[in-house]
1. Go over the candidates Leu70, Leu99 one by one and state the one that is touching a Leu at 6+ places or on another chain (Cβ under 7 Å) and part of a helix (DSSP H, G or I).
2. Would a scan of the stretch 65-82 turn up a residue that is modelled with pLDDT of 85 or more, over 17 Å from the mean Cα position of the chain (by Cα) and of a type outside the set (Val, Ile, Thr)?
3. Please tell me if Val33 is in a helix (DSSP H, G or I) and either at pLDDT 80 or above or not polar (S, T, N, Q) (or both).
4. Looking at Glu86, Glu79, which one is part of a helix (DSSP H, G or I), charged (D, E, K, R) and open to solvent by 80 Å² or more (accessible area, probe 1.4 Å)?
5. Which of the residues that make up the stretch 99-119 are open to solvent by 70 Å² or more (accessible area, probe 1.4 Å) and free of Cβ contacts under 8 Å to residues at least 40 places away in the same chain?
6. Can you work out which of the residues in the stretch 56-106 that are touching a Pro at 6+ places or on another chain (Cβ under 7 Å) and aliphatic (A, V, I, L, M) is nearest to Ala36 (Cα to Cα)?
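The values are calculated or read from the model by the stated rules, or taken from the named source; none is laboratory data. Everything numeric here is computed off the predicted structure, so don't read it as measured data. Because the Cβ atoms are built from the backbone with ideal geometry, glycine has one as well, and the counts that use them run over all protein chains shown. Please note that ligands, DNA and RNA were not included when accessible areas were found on the heavy atoms of the full protein model with its side chains. Shrake-Rupley method; radii C 1.70, N 1.55, O 1.52, S 1.80 Å.
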Amino acid sequence: MSEKKLSPEQEEAVYFPKTGHGQTTEAAQSHLVIEAGAGAGKTTLLTERVAWRLLGSNAQFRIDPQDMILVTFSRAAEEELSTRIEKRLRQEKLPDEQLERVLGRLHVSTIDSLFTQLSNNLFPIWW
């Protein structure tokens with residue numbers, strides 16, 4: 001599914017949970033937090049995880065793009081992640097209409113942007 005070679009630890013995170021290993025559906029619905037230093041492969045791991053959860057062959061683990069929130073700390077990281085996800089999804093040769101629908105429903109933002117949006121939606125009278 002990927003052009004890049006993932007480390008065993010990255011593969012475990014991308015494809016968690018693997019079927020047939022006693023993993024439950026609840027495990028597939030759990031949140032994934034990735035913490036690592038610069039150059040450790042966080043963006044690659046997230047890109048593959050998003051592609052797998054959106055387009056993977058096992059329908060049990062697929063989710064709708066609007067049910068996914070990807071949060072980064074910097075605007076540059078947000079742009080890089082968005083660009084890589086789009087490039088990765090284009091590799092799957094989705095029809096343009098489907099690709100635009102998926103990308104339009106996927107939420108990628110910085111943490112401050114996410115909370116600003118939440119505040120504006122929850123407390124519009126304050127702003």
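1. Exactly one residue qualifies, and that residue is Leu99.
2. Going residue by residue through the stretch 65-82, those that are modelled with pLDDT of 85 or more are 65-82.
If we keep only those that are over 17 Å from the mean Cα position of the chain (by Cα) too, we end up with none.
Looking through the stretch 65-82, none of the residues is modelled with pLDDT of 85 or more, over 17 Å from the mean Cα position of the chain (by Cα) and of a type outside the set (Val, Ile, Thr).
3. no
4. Every option except Glu79 fails the conditions.
5. Of everything in the stretch 99-119, those that are open to solvent by 70 Å² or more (accessible area, probe 1.4 Å) and free of Cβ contacts under 8 Å to residues at least 40 places away in the same chain turn out to be Glu100, Arg101, Asp112, Phe115, Thr116, Gln117, Leu118.
6. Result: Leu106.
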